[in-house]
Amino acid sequence: MTQVPISEAKAQLTDLVRRAEGGETVVLTRHGQEVVRLTPMRVSSELKVRRLAAIRAAQAAVAGQFPADFDAARSQDFLYDEDGLPA
């Protein structure tokens, strides 16, 4: 367990969060007294499944909206002539 004064934690927050995410117990103290414990969020497998389903549904919603030869890099070529000037 790592104890860090709140006054020092301000400058180390990103590192302390990463350490907590990695499984280390991080406790913030004020005047030597434990005040806050940093712990990672536990994402349920059900939530992960729902998020994945939402992503797949969004992908399916846009599937087929573009021609098979669609190239995003060339999608605005109609705005310019063959010399590269605005049409």
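Numbers below:
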quantity	calculated
Residue in the stretch 67-83 that is in contact (Cβ under 8 Å) with a residue 12 or more places away in the chain and not in a helix (DSSP H, G or I) present	no
Any hit, the stretch 15-36, residues being free of Cβ contacts under 8 Å to residues at least 40 places away in the same chain, among the aliphatic types (A, V, I, L, M) and exposed (fewer than 11 other Cβ atoms within 10 Å of the Cβ)	no
In the stretch 37-49, the residues that are hydrophobic (A, V, I, L, M, F, W, C) and either open to solvent by 100 Å² or more (accessible area, probe 1.4 Å) or assigned to a strand (DSSP E or B) (or both)	Leu38, Met41
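The values are calculated or read from the model by the stated rules, or taken from the named source; none is laboratory data. Here the structure is a predicted model, which means the values were calculated and not measured. Here the Cβ is made from the backbone with ideal geometry for all residues, glycine too, and neighbour counts use every protein chain on show. In case anyone asks, the SASA skips ligands and DNA or RNA and just uses the protein heavy atoms, side chains included. Shrake-Rupley method; radii C 1.70, N 1.55, O 1.52, S 1.80 Å.
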